Amino acid sequence: MFHFLKGQETMRVFFRHNLFVMLTLLLCAAIAQLHLYAQDTSCGIVWYPAIQLSDDTISSVCPQIAVSGDDTVHVTWKTNSGIQTMKLPYVKIVSGTVVDTKDLLQDNTEFPVYVAYPVIIARNDRVWIFFTRTSDRPLWMISSNDGGSTWSSVSAIAPDPTGRVYSPSENDQLIALLYPPHSAQPLKILRSTNLGLTWTRTDEDLDNYTKITLTQNSLHLVQHKWLDPSVEVEYRQSTDLGTSWKSEKIISEVDGWYSDQPSIAADRNKIGDQLLVAWREEKYGWYGLAGGSIISRTTIPGKMEWLPEVCLTDEPAGSSPEVALKGGKRAVVYGYEGLPVGFHVLVRSTNNSLTNFCPAVDMRPDSHNGGQRVAVSSDAVHVVWSGKVYTNHTWRIFYRRGEFIKANAIFSTSIDSMALGTTEIGRTISDTVSVMNTGSDTMIVGTAISDNENFSVTPQDTIVLPFSEIEFTVNFIPKSYGTHTGKIIFYHNSKTSPDCFDVTGTAEWRKETISYQHGEWNMVSVPVKPGPTQSLPSMFSYEGSYIPRDAMEFGKGYWSKPAAQEITYQGADVWSDTFIVRAGWNMIGSLTGELLRDNITTIPDSLILSKFYWYDGSQYVDSDTIKPGRSYWIKVKQDGKIILMAK
């Protein structure tokens, strides 16, 4: 691997991305017979044979998918130029069976030719399709109030002409989508607060690779963020539909490698909102025309706290990921370059974990495929894509359904809440809870996690056999003072997933009592990061000269005449830290625990010129151990850092 100059790297990424897009969009090669695959069962999911949705007379690309209800799927796509049999195709699928196929513009004289790049969303009985015709034409909408049986007339919704529409999302009364005004301009957000009756547009220019999704109170966005010399994935959250941004965060690792093609999905379960993001990543290498690693990140339900990156590909040959999320189910679909033929469509999914996915399944292994999209319903994963058919070198739209095997596993816990009592900051207090399976099938607990960093749970994943139970340990290790509350969350394969219970714990300041020589001069320091203000009588620090002080800082050394033989300090444990030192003599402090002088390291190396001196009441003493509550003289040859780590 090599880093390139930014200009060269930008051109390389531009070429590789856009070549893949062209290969996907120019799917106009040959017809072949549809190959049906035997039912495939793995990892608790049954993949049924692929179904061809488009007909054999026209090349079809860019499928879009939406799910409503428990298992109703709505699909549309773009038909390539040529003999036009359908201007705006629509297919409805219920529980894996096609129940309706129609052209929504068949009798509409306003649209004499096919439409361009339709997108679709659905909720309950409402279905919306947004589309354009060619460049610099209106952005249109057509909708259904009865699950796709009948449709409204076409209406223009955008204030500007456009050639594309992207990333539609809906939640309750809200709808939002992206489009480029006048085709060549940057993307804008078009939004409605009344199910599409009226629309407004944001003014901010967005990156051309932006994706959005909606939850009940927020619009969530991912896009490219240029950080020289690379591109990273930026996440934003808005509570006013993109007019302003509540938070912004780089969620890909800032490492100098390109992270691009982000996709985002959101859902609200009984615990709270959750997000799933995936993108293409080049830090693990790349392959072929468009291949990189596919990385995913997710949030803890109810919290905007991101879990670590998860790499979904064994080899860096993936591209154009799309994600879907519903309740305890999630899926990532992506293109993959590999043998025996060029481009494949792979999907990874799970119904029992936040981060552990089933192995990848190839949707149609023996042919070129692309333009993949994915949706998740209560019990299934739904994938659509464009597949090459070799008979006359054209492309077809295919659909495949993966049904999660329903397990008769019944989740319950021995408690509804847990109070872990009181402990000092940095100290651990623990309790146990039994997770029970009263069903007749094995229960897979794929993730056990806390939504508060002060609590943890083990094991983090396990299985619970029928009519049995597993004991989990909940630990409270407070990092700050006060009462802490959180949830212990379980993702599993029974129908109630995810489940949780509440936890509480209270943290007190750590108390460290140190003995000094009463009424005499002592070299002192505070051995904990102070909670309440700490001060001793007649206190001086050394900063090239002696300076009177009223309060103690952690890491600093002081002269003082303590008013008592024993002084109790309150604060948080510190077992390792880095102290800043200046050229010449310094008075340094201590940690919560003892450490040997020989275990101290420095930046730069060989920084320390002297021994460590402590005052015993009558003279300076060379000390080989740094003890809590004391301070020490050291001499260094230049400004630098000393690194301490206690036993």
List His518, His368, His382, ordered by accessible area with a 1.4 Å probe, largest first: His518, His368, His382
Members of Lys283/Lys326; Lys611/Lys647; Lys487/Lys647; Lys188/Lys329; Lys511/Lys635 lying beyond 28 Å, as alpha-carbon distances in this model show: Lys283/Lys326; Lys487/Lys647; Lys188/Lys329; Lys511/Lys635
Protection-proxy order for peptides 104-113, 88-97, 306-315, each taking the mean of Cβ atoms within 10 Å per residue, highest first: 88-97, 306-315, 104-113
Taking every eigenvalue of the Cα gyration tensor of the stretch 71-192, multiplying by 5 and rooting it, what semi-axes result, largest first, whole Å? 22, 19, 12
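Leaving ligands and nucleic acids out of the surface, order Asp550, Asp577, Asp172 by accessible area at 1.4 Å, largest first.
Working: Asp550 135, Asp577 45, Asp172 95 Å².
Sorted descending by solvent-accessible area, the residues read Asp550, Asp172, Asp577.
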Give me the net charge for the shell around Gly486: Cβ to Cβ below 10 angstrom, other residues only, Lys and Arg +1, Asp and Glu -1. -1
Which lysines have a Cα lying under 25 Å from the Cα of Lys87, excluding residues fewer than 8 positions away in the same chain? Lys78, Lys102, Lys388
What is the extension gain from Asn145 to Ser183, computed as 0.36 nm multiplied by their sequence separation minus the C-alpha to C-alpha distance, in nm to one decimal? 10.7 nm
Show me the ranking of peptides 248-254, 291-297 by mean Cβ neighbours inside 10 Å, starting with the highest. 291-297, 248-254
Taking every alpha carbon pair in the stretch 289-330 and sorting the distances into 5 angstrom bins from 0 up to the bin holding the longest one, the percent per bin comes out as 6, 18, 23, 24, 15, 10, 4, 1
In vacuum, with every alpha carbon of the stretch 606-647 counted as one equal point scatterer, what does the Debye formula give for log10 I(q)/I(0) at q = 0.19, 0.23 Å⁻¹? Two decimals, please. -0.65, -0.89
Taking alpha-carbon centroids only, the stretch 609-625 lies from the stretch 106-175 a number of Å equal to 80 Å
What number comes out for accessible area per residue over the stretch 486-547 if the probe is 1.4 Å? Units Å², please. 43 Å²
At a 1.4 Å probe radius, carbon and sulfur cover how many percent of the accessible area of the chain? 50 percent
Could you work out the relative contact order of the stretch 293-433, using alpha carbon pairs under 8 angstrom and six or more residues apart, expressed as a whole percent? 15 percent
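Could you tell me the convex hull volume per residue, in Å³, taken over the Cα atoms of the stretch 234-384?
Convex hull volume per residue, Cα atoms: 119 Å³.
Starting from 0.36 nm per residue, how many nanometres of slack lie between Asp416 and Ile643 once their C-alpha separation is accounted for?
On the way: separation 227, 0.36 × 227 = 81.72 nm, distance 4.47 nm.
Answer, rounded to one decimal: 77.3 nm.
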If I fit a long axis through the Cα atoms of helix 6-25 and take the longest principal axis of the Cα atoms of the chain, what angle between them do I get, 0 to 90°, rounded to 10? 30 degrees
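Once you have the Cα-Cα distance between Gln517 and Ser610, take 0.36 nm times their residue separation minus that, and quote the gain in nm to one decimal.
That pair, Gln517 and Ser610, stretches by 30.9 nm at full extension.
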With label points set 7 Å from each Cα along the Cα-to-Cβ direction at His393 and Asp205, the distance between them in nm comes to 4.0 nm
Distance in nm between Ser545 and Lys303 label points, each 7 Å along Cα→Cβ, equals 5.0 nm
Ratio of Rg to Rh for the stretch 415-543, alpha carbon only, Kirkwood? 1.24
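Counting only Cα atoms, I'd like the Rg/Rh figure for the chain, Kirkwood definition for Rh.
Numbers: Rg = 30.9 Å, Rh = 28.3 Å.
With Rh from the inverse mean 1/r over Cα pairs, Rg/Rh is 1.09.
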The chain, relative contact order in percent, only Cα pairs under 8 angstrom and at least six apart counted: 9 percent
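The values are calculated or read from the model by the stated rules, or taken from the named source; none is laboratory data. Computed from a prediction, not measured in an experiment: that's the story for all the values here. Note: ideal-geometry Cβ built from the backbone for every residue, glycine included; neighbour counts use all protein chains shown. Heavy atoms of the whole protein, side chains included, go into the accessibility calculation; ligands, DNA and RNA do not. Shrake-Rupley method; radii C 1.70, N 1.55, O 1.52, S 1.80 Å.
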